[in-house]
């Protein structure tokens, strides 16, 4: 149990820091509210009004972001395996081969569906 004391201490320290920062920002910061503060910031360009019917919403960038997150998380699972490769047995190697094949199937599926094309 003594091994977890530094981790609990860091969590408590982080929580105290966050709470103190929030309270200080609410009490010390200026409270001047205007229309510009509540507008969304889009690279300094004034936002265009929405069409009456709502209009089309491009989701290409969000799909690309989700693909990046999926493949990034899959790569993160490879690091512990690579570090402990010498201590692992045959079962772990077979499981990692199955995992890599699954990642490659997903990658080729995305390529076939032109999920990585920007145009």
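Taking the criterion of being surrounded by 10 or more Cβ atoms within 10 Å (Cβ to Cβ), at pLDDT 80 or above, more than 21 Å from the chain's Cα centre (by Cα) and part of a loop (DSSP other than H, G, I, E, B), would at least one residue in the stretch 95-111 satisfy it? Taking every residue of the stretch 95-111 in turn, none turns out to be surrounded by 10 or more Cβ atoms within 10 Å (Cβ to Cβ), at pLDDT 80 or above, more than 21 Å from the chain's Cα centre (by Cα) and part of a loop (DSSP other than H, G, I, E, B).
Applying a threshold of 9 Å to beta carbon distances and a minimum spacing of six or more residues, or different chains, the list of pairs starting in the stretch 101-116 at a residue that is over 12 Å from residue 70 (Cβ atoms) and ending at one that is part of a helix (DSSP H, G or I) reads 116/64; 116/67; 116/110.
Quick check, is residue 86 exposed (fewer than 12 other Cβ atoms within 10 Å of the Cβ) and on the phi > 0 side of the Ramachandran plot?
no
The values are calculated or read from the model by the stated rules, or taken from the named source; none is laboratory data. Here the structure is a predicted model, which is why all the values come from computation and not from measurement. Neighbour counts run over all protein chains shown; Cβ positions are idealised from the backbone, glycine included.
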